[in-house]
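Just so it is clear, none of the values below were taken in a lab; they were calculated from the coordinates. All figures in this text were calculated on a predicted structure; none of them were measured in a lab. Positions of Cβ are generated from backbone atoms using ideal geometry, with glycine treated the same way; all protein chains shown enter the neighbour counts.
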Ligand code: AMP
Ligand code: ZN
């Protein structure tokens, strides 16, 4: 089966044809490193890690570029005081590059914890200012951009007048957008409110600034990605990814910049990962509806009843297709943990199975492999792939109970295929002897004993249990709903 990818630009699944046979150029928008990534951000990066792993497993040589957005990040209103870097610099009393370093390190640590592979190239926006200035100059020369009061804007109306179709990705009717917003807001420097900044003049408050032909300033966010993607992957490349929320305006603007600069559609396949929700609402820092990865893993939160190993979180994420919304919940995590334990048990059992060459097996290994690969080729359908893996798990338990048999060749094939899917493609990791669950059960026993001691007013013993656990880095927390624990 040929690989099919859902292309947001076409609005349908398409057979994947790379520009250069056997090779894939893939760009994914990276984080804005002004604060810690939340679990929602992790989901998007994890979705593309799975896609990267799948492409590699399917035999493609992938150049995977994921940037770090570390230059001033423009806000929608363009007010420099709302710049997220400027705000955080003031709040933490740090140099902007200290903020960048702090949260880049945190980002890498978090992704490492969830076993994400590093990209082939991880360029930073601040390392590509020259390229961004050059692109801006080119856009001015070609008549697609204009300077205004030290800033440079992309002229969306001009782009559209030349028949280039602004809105092709987000399917927005730009004529309507113009009609509705033409007279609105004090656009000030812009010809039209839809025009977006390629280069922004730095106000005195803005600390991150560079010299340019238009005075001191900083680059626009959309231009950063065009500069870095085209530098490392060419004017036209295979896949561009990011979260669903980046479709408009970010990716729409990237398309406009690419087409205006190079007279070519910059990307063949646009891929968008769907959102992680919590309490049925999108996870987001600004609304306060978020959880940090380390809070989930340590148990230090009010949402989950216990800590979860990062590989369980990874497994839970992959049980939803990357284009579906996933609502994280305690029940979903518990169910994932159960499934994971059974999957790992099956892999272990496989090592102790004795093959029997003389008997026919009821499990058709080749059919099973075809179905599993079909799932992967069908727009990276991880939940269907996982469902097939559990068919194999069922068969392995039947082998253990001697209700089934397997030949020597098939046993080796099943072992290596299962290993490849579980560890290389899904990127799961074995948890040492399932310590997590054992530890949880042991702690529940200790909590129960402490409660009994307290009830019978044996406070010496109850305090001893609490203090000794604390000395081991396990903090008990008494709340309204009983006692929980945090691993420090
Ligand atoms: P940012 O650093 O804000 O640019 O976000 C980094 C990535 O996380 C982007 O690709 C966003 O689309 C993605 N993202 C933000 N919120 C969520 C969420 N709740 N679920 C999944 N991805 C998200
Ligand atoms: Zn981007």
| field | Exposure proxy ranking, count of Cβ atoms within 10 Å, fewest first, for 61, 190, 93, 356 | value | 93, 61, 356, 190
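I need the shape label for the stretch 4-273. Rule: rounded when a/c is under 1.5, else prolate if a/b > b/c, else oblate, with a, b, c from the alpha carbon gyration tensor.
Since a/c reaches 1.5 but b/c is at least a/b, the shape of the stretch 4-273 is classed as oblate.
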| note | Check: C-alpha center the stretch 1-23 vs C-alpha center the stretch 49-67, spacing in Å is 14
| said: I need the shape label for the stretch 277-425. Rule: rounded when a/c is under 1.5, else prolate if a/b > b/c, else oblate, with a, b, c from the alpha carbon gyration tensor. | reply: prolate
| query | Taking the Cα centre of each part, how many Å lie between the stretch 442-481 and the stretch 356-409? | reply | 46
| field | Inter-centroid distance (Cα atoms) of the stretch 274-340 relative to the stretch 127-147, Å | value | 41
| query | Fewest first, what order do 1, 344 take by the number of other Cβ atoms within 10 Å? | reply | 1, 344
| What percent do you get for the relative contact order of the stretch 1-131 when only Cα pairs under 8 Å and 6+ apart count? | 28
| remark: Honestly the chain on the Cα gyration tensor test (a ≥ b ≥ c root eigenvalues; a/c under 1.5 rounded, otherwise a/b vs b/c for prolate or oblate) is just oblate
| Using alpha-carbon pairs under 8 Å, 6+ residues apart, how would you state the relative contact order of the stretch 277-425 in percent? | 23
| Expressed as a rounded percentage, what relative contact order does the chain have, with Cα pairs under 8 Å and six or more residues apart? | 17
| the chain - share of DSSP beta bridges that are antiparallel (%, nearest 5) | 50
| task | Calculate how large, on average over all directions, the projected area of the Cα convex hull of the stretch 435-487 is; give the answer in nm² to one decimal. | result | 3.6
| task | Provide 24, 42 in ascending order of the number of other Cβ atoms located within 10 Å of each residue's Cβ, fewest first. | result | 24, 42
